[in-house]
Amino acid sequence: MPTTVKAYAATSATEPLTPTTIERRDVGPRDVRIDIRYCGVCHSDIHTARGEWGTTGYPVVLGHEITGIVAEVGPEVTRFRIGDRVGVGCLVDSCRECTYCRRGDEQFCTEGYVETYSSTGRDGLPTQGGFSEAIVVTEDFVLRIPAGIPLDAAAPLLCAGITVYSPLRHWRTGPGTRVAVVGLGGLGHMAVQLASAMGAEVTVLSQSLAKQEDGLRLGATRYLATSDPDTFSRLAASFDLVVNTVSASIDLDAHLSLLDVDGTMVNVGIPEHPLSLNAFSLLVRRISYAGSNIGGIRETQEMLDFCAAHGIAAVVETIGAEQVDEAFDRVVASDVRYRFVVDTTTLA
Ligand code: NAP
Ligand code: ZN
Ligand code: ZN
């Protein structure tokens, strides 16, 4: 029998989130049922709730930065036991057979991976996210949270962490790499910590210097304001990699001018409106403009283990479920230090 659990749902682009109940499927042979303890508030939840990426199907239970405790396992589950500390990110299933799934890049599944919410599961039912008491997920898409990371500070790693770890690895960040992180929010504060732990020289580009001390404490060696007209000329052609985490449209040409020969700007931010650039900004120094979408399950586990080994986690502010709307407004106003995490026991 499916189980009814309490949740918070977006019902339209403009209404506040409302308490509701949803059904979680019965635990199948290879399923894990997780009692959710924390779920991070990602800016993607806000874009989705507010219909900024096109048609959102309402009602929808958001949240894809989930941590909790295994409460039940199916008879064929081999990797998890009741009581294990686990996480679920943006992916809950995929075809498992295509070239990309077989090599652990489920985010590129040719059949389209199943997202944690706003998607249709392989059982044909709509998926619902982590602003809820429990979730049932096939064991192949469940992550193990290392013992050294508290469950609240681990939750944002499941989206914000992997979304910046994957491009940092892909573009071979290491000692000597000059990295600029644009925007010190949820993704940005993870990018600074991860790039710095990989040995890179990290500069933060923020709208103002208000969070400078935090940025330097997280591992950056320089912190500059994009509102200062001298910033772009001072830093011209001085980076190998620019990681753009900004949730809104920015001046791409100005940011591309920061790259040295053969440098790359990778967009992980997904603004509501299309971005545009001048071709000259790319060809002058053979610059690449790229994008990156979350990361696969194998790489997500690698990122969690990397964080544990380097003493890295998200900086979080824990809130009750009834505060999510207020948290959405604060994130949009860049008033987040650096990730809100919902304590899901407040749903009860
Ligand atoms: P966030 O916490 O709101 O961080 C974004 C940061 O961008 C803000 O803290 C702010 O930093 C800066 N910013 C905001 N508005 C700006 C503006 N108008 N001009 C310049 N800078 C601005 O959001 P997040 O959760 O990190 O997510 C960031 C973006 O990544 C969102 O669009 C989200 O949907 C997307 N995302 C993509 C993926 C993926 O797979 N590619 C995964 C997760 C999220 P400062 O205050 O320092 O300026
Ligand atoms: Zn996210
Ligand atoms: Zn596939």
Could you work out which residue, out of Glu106, Glu97, Glu115, moves most in a Gaussian network model of the chain, that is, has the largest mean-square fluctuation with Cα springs under 10 Å? Glu97
Pair-distance profile P(r), taking every C-alpha pair of the stretch 244-341, with 5 angstrom steps and integer %: 3, 10, 15, 14, 16, 18, 14, 7, 3, 1, 0
Using all C-alpha to C-alpha distances in the stretch 1-96, build P(r) with 10 Å bins and read off the rounded percent in each one. 15, 40, 32, 12, 1
For the stretch 183-246, what class follows from the C-alpha gyration tensor (a ≥ b ≥ c being the square roots of its eigenvalues): rounded when a/c is under 1.5, otherwise prolate if a/b is larger than b/c, else oblate? oblate
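Nearest 0.05, what FRET efficiency do Ser249 and Arg222 give at R0 = 30 Å with Cβ-Cβ as r? Can you show the working numbers first?
On the way: r = 24 Å, r/R0 = 0.82.
Result of the calculation: an efficiency of 0.75.
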For Arg37, what residues show an amide H to amide H distance below 5 Å, using hydrogens built from the backbone and excluding near sequence neighbours? Thr67, Gly68, Ile69
Semi-axes of the stretch 147-199's equivalent ellipsoid from the Cα gyration tensor, sqrt of 5 times each eigenvalue, largest first, rounded to whole Å? 20, 12, 10
Distances longer than 21 Å among the Cα atoms of the stretch 161-291: what percent of all pairs is that? 32 percent
Taking amide hydrogens as modeled 1.01 Å from N in the peptide plane, which residues meet the under 5 Å criterion relative to Thr138, leaving out close sequence neighbours? Val32
From the phi angles alone, apply the Karplus equation (6.51, -1.76, 1.60; θ = phi - 60°) to the stretch 225-236 and give each ³J(HN,Hα) in whole Hz, x where the residue is Gly or Pro. 9, 6, 6, 7, x, 7, 4, 5, 6, 5, 9, 4
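Give me the percent of Cα-Cα pairs in the stretch 1-56 that sit more than 12 Å apart, rounded to a whole number. The partial results should precede the final answer.
Numbers: 1146 of 1540 pairs.
Here the long-distance tail beyond 12 Å is 74 percent of all Cα pairs in the stretch 1-56.
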Rank Ala160, Gln128, His170 by how far each Cα sits towards the positive end of the charge dipole of the stretch 84-175 (+1 on Lys, Arg Cβ; -1 on Asp, Glu Cβ) and give me just the farthest. His170
If contacts are Cα pairs under 8 angstrom and at least 6 residues apart, what is the relative contact order of the chain in percent? 18 percent
In nm, to one decimal, how far is the modelled label at Ser276 from the one at Ser208, with both set 7 Å along Cα→Cβ? 3.0 nm
So, relative contact order of the stretch 161-291 in percent, Cα under 8 Å, 6 or more apart, is 21 percent
Could you please state, rounded to a whole Å, how far the C-alpha centre of the stretch 52-79 is from the C-alpha centre of the stretch 287-332? 16 Å
Apply 1/(1 + (r/R0)^6) to the Cβ-Cβ distance of Arg286 and Thr3, taking R0 = 51 Å, and write down the FRET efficiency to the nearest 0.05. 0.40
Per principal axis, descending, Cα span of the stretch 74-133 in whole Å: 34, 26, 19
Using modelled backbone amide H atoms (1.01 Å from N, in-plane), which distant-in-sequence or interchain residues come within less than 5 Å of Thr318's amide H? Val341
³J(HN,Hα) across the stretch 59-64 via Karplus (A = 6.51, B = -1.76, C = 1.60, θ = phi - 60°), whole Hz, x for Gly/Pro? x, 9, 8, 7, x, 9
Each residue of the stretch 140-151 in turn: what ³J(HN,Hα) in whole Hz from Karplus with 6.51, -1.76, 1.60 and θ = phi - 60°, glycine and Pro shown as x? 5, 10, 9, 9, 9, 8, x, 4, x, 10, x, 5
The chain: projected area of the alpha-carbon convex hull, averaged over directions, in nm²: 16.7 nm²
Net charge dipole size for the stretch 161-291 [Lys, Arg +1 and Asp, Glu -1 on Cβ; Debye, nearest 20]: 320 debye
Along the Cα→Cβ direction, 7 angstrom out, place labels at Thr18 and Arg102. What is the inter-label distance in nm? 4.8 nm
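From largest to smallest, what semi-axes in whole angstrom does the stretch 120-215 give when each is the square root of 5 times an eigenvalue of its alpha carbon gyration tensor? Walk me through the intermediate numbers first.
Numbers: eigenvalues 189, 51, 37 Å².
After diagonalising the Cα gyration tensor, the semi-axes are 31, 16, 14 Å.
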Euclidean distance of C-alpha centroids, the stretch 234-268 and the stretch 121-171, integer Å: 28 Å
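Values quoted throughout were computed directly from the atomic coordinates according to the rules given, and no laboratory measurement underlies them. Values in this document were obtained by computation on a predicted structure and should not be read as measured data. Note that each Cβ is placed from the backbone with ideal geometry, even for glycine, and that neighbours are counted across all protein chains shown.
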